[in-house]
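Each remark here refers to the structure printed beneath this line.
The values are calculated or read from the model by the stated rules, or taken from the named source; none is laboratory data. All values reported here derive from a predicted model rather than from experimental measurement. FYI the Cβ positions are ideal-geometry reconstructions off the backbone, even for glycines, and counts take in every protein chain you see.
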Amino acid sequence: MLIHGEDIDILARTIYGEARGEFSKTGMSSLIAIANVVVNRSKRKIFWGGSIRDICLQPKQFSCWNRDDFNLSIIKKVVRSEKLFDLCWMVAQNVLEEKWPDLTKGADHYHAFSATPHWAIGKTPSVILGCHVFYKIYKEN
């Protein structure tokens, strides 16, 4: 996979927006798992787009990028000097470079444990990490 600086930045912001609240409970695994889902989607190229940017910014896929989500203003403003965001940046880079394992067992979807979306009904999770439930819904190409 060809990795661009913008890919690392967008993925780091996605990780930060989706899992920063989990970090204090589950540590690095919560951050890595979000990155794993994005990379798994990039390998399948079903309907999310080809680039990390396209996958993360696809409407209604990662709530932190939704216009009405309170996280959007936070992830747009965060800078690398913020310790947890810098850690998210490192996670993004290492997962994109395939230096770290896929903790989600191939998952391409997830949701918060507190709510089950319609697409998850009847599906078997591949793993549960902290407050997120992960699913492998699509097979590899």
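Numbers below:
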{"item": "Hits in segment 112-136 - residues which are out of contact with any Asp or Glu (no Cβ under 7 Å at 6 or more places or on another chain) and either within 20 Å of K43 (Cα to Cα) or acidic (D, E) (or both)", "result": "P125, S126, V127, F134, Y135"}
{"item": "Yes/no for S30 being within 17 Å of L87 (Cβ to Cβ) and of a type in the set (S, T, Y)", "result": "yes"}
{"item": "Looking only at segment 102-130, and only at residues there that are in a loop (DSSP other than H, G, I, E, B) and touching a residue at least 40 places away in the same chain (Cβ under 8 Å), the one that is farthest from the chain's Cα centre (by Cα)", "result": "G130"}
{"item": "Filter pass, G122 being in contact with a helix residue (DSSP H, G or I) (Cβ under 7 Å, 6 or more places away or on another chain) and on the phi > 0 side of the Ramachandran plot", "result": "no"}
{"item": "Residue match in segment 72-83 (condition: farther than 19 Å from S126 by Cβ, more than 12 Å from the chain's Cα centre (by Cα) and buried (at least 22 other Cβ atoms within 10 Å of the Cβ))", "result": "yes"}
{"item": "Residues of segment 62-87 that turn out to be in contact with a helix residue (DSSP H, G or I) (Cβ under 8 Å, 6 or more places away or on another chain) and part of a helix (DSSP H, G or I), as a count", "result": "11"}
{"item": "Of all residues in segment 23-34 being over 11 Å from P101 (Cβ atoms) and of a type outside the set (K, R), the one that is surrounded by the most Cβ atoms within 10 Å (Cβ to Cβ)", "result": "I34"}
{"item": "Options G106, G122: the member that is surrounded by fewer than 15 Cβ atoms within 10 Å (Cβ to Cβ) and either modelled with pLDDT of 95 or more or not hydroxyl-bearing (S, T, Y) (or both)", "result": "G122"}
{"item": "Tally, over segment 25-61, of residues that are of a type outside the set (D, E, K, R), assigned to a helix (DSSP H, G or I) and within 13 Å of the chain's Cα centre (by Cα)", "result": "18"}
